[in-house]
Structures are given as structure tokens and as C-alpha cells.
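The values are calculated or read from the model by the stated rules, or taken from the named source; none is laboratory data. No experiment lies behind these values; they were computed from the predicted model shown. Methodologically, a virtual Cβ is constructed for each residue, glycine included, from the backbone with ideal geometry; neighbour enumeration extends over all protein chains shown. Remember, those area values only see protein heavy atoms, side chains included, never the ligands or the DNA or RNA. Shrake-Rupley method; radii C 1.70, N 1.55, O 1.52, S 1.80 Å.
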Amino acid sequence: MHHSLDDSAALLSIADELHGAAAEIPISTATGYGIGLAEDLEDQIRRLGLLLASFASTMAVHSRAPRAHGGPSARAHRRVVVEAHAAGAVGTALADLAEAMVQVAILQDRSSVYRPAGRADTVRSAHATLDRLFNSARRRLHHAARQLHHSADRPVAPATSSAAEPRVPPRPPPSAPARRSNNR
């Protein structure tokens with residue numbers, strides 16, 4: 001039961017991190033967001049990148065777990081699978097934020113300031129695209145966090161005990177000659 005609580009606590013902690021990351025994504029850029037948008041976007045990308053690296057590390061450690069004695073527990077395996085699904089959502093949200101960098105670059109493009117014709121439409125379009133991308137990233141992160149909460153609350157069915165099954169000692173291969181004792 002101790003490991004189950006540890007796994008649940010870890011999943012809840014990751015869920016809280018995802019909710020926190022989603023909460024820090026701007027709600028709307030339609031009214032302008034100022035010069036700090038690029039820095040905020042950089043912080044979010046770094047935060048999600050570190051979280052994605054953590055998921056990858058967990059997966060790598062799990063894959064190296066010794067297979068002797070049955071390998072990792074069902075709970076550990078389930079946790080890795082749940083984290084892998086969350087990693088997919090984080091990766092997609094990260095892709096949305098990477099695409100948002102293009103829109104921030106468009107908004108910060110000083111060369112278009114000297115061509116006012118069409119600039120207002122470009123700015124409106126960039127803001128609308130940013131809003132769409134930010135909303136998508138936020139939705140994905142909140143959804144992944146809800147899935148982690150649900151998984152943390154759901155108990156893992158106990159693995160079937162191999163102790164209940166009779167163990168049959170392995171037989172030597174049929175082609176192996178019988179060994180005779182040299183003691184007479």
C-alpha cells in the first residue's frame with residue numbers, strides 16, 4: 001500500500017504542475033500583452049521542456065528495471081504508462097507554444113511598422129492565432145492533469161499471486177544425457 005500512496009502522490013504532484021503551467025499561459029492577447037510576452041513564453045517552454053525531460057527519464061529508468069523476479073510492479077508500470085500519456089499532451093502543448101513563438105515574432109517585427117498598410121490586419125491575425133494556440137495548450141495541460149488526478153484516485157488491481165500456483169521444477173532438455181554418479 002505504501003508504494004500505491006507514493007505513486008498516487010507523484011501523479012497528483014505532476015497534475016498540480018500541469019494545472020500550474022496551464023494557469024500561467026496568457027488568457028487573451030487581443031488587448032495586447034506587452035513586451036513581456038516573449039519572456040513569458042520562454043518561461044513556459046522551459047517549464048514544459050523540463051517536465052517532458054522528467055517523463056522521459058522516468059520511462060528510461062523503468063525500461064532498465066531488472067526483469068528478474070517479475071520486473072517492475074504493476075503499479076510502477078501503470079504509473080509509467082499514465083505519465084507517458086501525460087507526456088504526449090505536454091509535447092503537443094509544447095508544440096503549440098513553439099508555434100506561438102512565430103506569432104510573437106510577427107508581433108515584434110519592427111520592419112512591418114514602416115508599412116502600415118495591412119499591419120493592423122497582421123496584428124489582429126497574430127493575436128487571434130496566439131489566443132487559439134494558448135487556449136489549445138491550456139486545454140491540453142488541464143486535460144492531462146485531470147487524467148492524472150483520475151489515475152491517482154483509481155486503485156490498481158492486485159497482481160495475481162504466483163504463490164497460489166504450484167511451481168513445477170524445470171525439466172532438463174530431452175537431449176541431455178543422464179548423468180551417472182562415479183560413486184560405486
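Take Ala137 and decide whether it is open to solvent by less than 70 Å² (accessible area, probe 1.4 Å), part of a helix (DSSP H, G or I), modelled with pLDDT of 95 or more and in contact with a helix residue (DSSP H, G or I) (Cβ under 9 Å, 6 or more places away or on another chain).
It is true that Ala137 is open to solvent by less than 70 Å² (accessible area, probe 1.4 Å), part of a helix (DSSP H, G or I), modelled with pLDDT of 95 or more and in contact with a helix residue (DSSP H, G or I) (Cβ under 9 Å, 6 or more places away or on another chain).
Looking at (1) at pLDDT 90 or above; (2) within 18 Å of Arg140 (Cβ to Cβ), which is the only condition Leu12 fails?
Only one criterion in (1) at pLDDT 90 or above; (2) within 18 Å of Arg140 (Cβ to Cβ) is unmet by Leu12, namely (2).
Identify, by number, the condition in (1) assigned to a helix (DSSP H, G or I); (2) out of contact with any Asp or Glu (no Cβ under 6 Å at 6 or more places or on another chain); (3) modelled with pLDDT of 85 or more that Ser4 doesn't meet.
Of the numbered conditions (1) assigned to a helix (DSSP H, G or I); (2) out of contact with any Asp or Glu (no Cβ under 6 Å at 6 or more places or on another chain); (3) modelled with pLDDT of 85 or more, the odd one out for Ser4 is (3).
Look through region 67-76, keep the residues that are part of a helix (DSSP H, G or I) and surrounded by fewer than 15 Cβ atoms within 10 Å (Cβ to Cβ), and return whichever of them is modelled with the highest pLDDT.
Here the answer is Ala74.
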